[in-house]
1. What is the number of the single condition among (1) over 14 Å from residue 51 (Cα atoms); (2) in contact with a strand residue (DSSP E or B) (Cβ under 8 Å, 6 or more places away or on another chain) that residue 69 does not meet?
2. Which residues, counting only those in region 35-90, are without any contact (Cβ under 8 Å) to a residue 40 or more places away in the chain, loosely packed, with under 14 Cβ neighbours inside 10 Å and within 16 Å of residue 106 (Cβ to Cβ)?
3. Which condition does residue 123 not pass, out of (1) over 19 Å from residue 6 (Cβ atoms); (2) assigned to a strand (DSSP E or B), if it passes all the others?
4. If I ask for residues that are assigned to a loop (DSSP other than H, G, I, E, B) and exposed (fewer than 10 other Cβ atoms within 10 Å of the Cβ), which ones from region 16-30 would you list?
5. Would region 73-90 turn up any residue that is assigned to a strand (DSSP E or B) and farther than 24 Å from residue 12 by Cα?
6. Looking at region 6-20, I want the residues that are touching a residue at least 24 places away in the same chain (Cβ under 8 Å) and have a partner that is surrounded by 14 or more Cβ atoms within 10 Å (Cβ to Cβ) and part of a loop (DSSP other than H, G, I, E, B) with Cβ atoms under 6 Å, at least 6 apart or on another chain. Which pairs are those?
7. Whether any residue in region 52-65 is modelled with pLDDT of 95 or more and out of contact with any strand residue (DSSP E or B) (no Cβ under 7 Å at 6 or more places or on another chain) is what I want to check.
8. Applying the selection to region 44-61, what residues are assigned to a strand (DSSP E or B) and within 17 Å of residue 114 (Cβ to Cβ)?
């Protein structure tokens, strides 16, 4: 099996800094750290494969109501604004309970499709890779 780990992967959720300003505040998820940021969009009543990654940990920021997230053996029903840490090598899946849902993903480590292992997939994609 190929080792896709060539960049540091945090073992736990990275610190999120809240920065106050006169107009309000903002949350800083990564500061001068190499990351890959993706906006995932899940169609109504669809779901990603149950998968894990060897080369990255992922911080998911839920943007819409209606998401169902599996991390390991736990199933959660996050609200908009909730943040979930998915460590490397942990099985996970994002689903929509009805409406389309969006999740902002901040990935730490190597973002690459080749490091995916699929355990279940509704679309008959291969067990490994893209």
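1. Residue 69 satisfies every listed condition except (1).
2. 81
3. (2)
4. Initial filter on region 16-30 (assigned to a loop (DSSP other than H, G, I, E, B)): 16, 22-23, 29-30.
Within region 16-30, 22, 23 meet the criteria.
5. Taking region 73-90 first, the residues assigned to a strand (DSSP E or B) are 74-76, 83-86.
Filter once more, keeping what is farther than 24 Å from residue 12 by Cα: none.
Taking every residue of region 73-90 in turn, none turns out to be assigned to a strand (DSSP E or B) and farther than 24 Å from residue 12 by Cα.
6. Matching pairs, first to second residue: 6/110; 7/110; 9/88; 16/29.
7. Yes, region 52-65 contains at least one residue that is modelled with pLDDT of 95 or more and out of contact with any strand residue (DSSP E or B) (no Cβ under 7 Å at 6 or more places or on another chain).
8. Here is the first cut: in region 44-61, the residues assigned to a strand (DSSP E or B) are 47, 50-53, 56-61.
Within region 44-61, 51, 52, 53, 56, 57, 58 meet the criteria.
The values are calculated or read from the model by the stated rules, or taken from the named source; none is laboratory data. Keep in mind that this is a model prediction, so the values were computed, not measured. Positions of Cβ are backbone-derived with ideal geometry, glycine not excepted, and every protein chain shown enters the neighbour counts.
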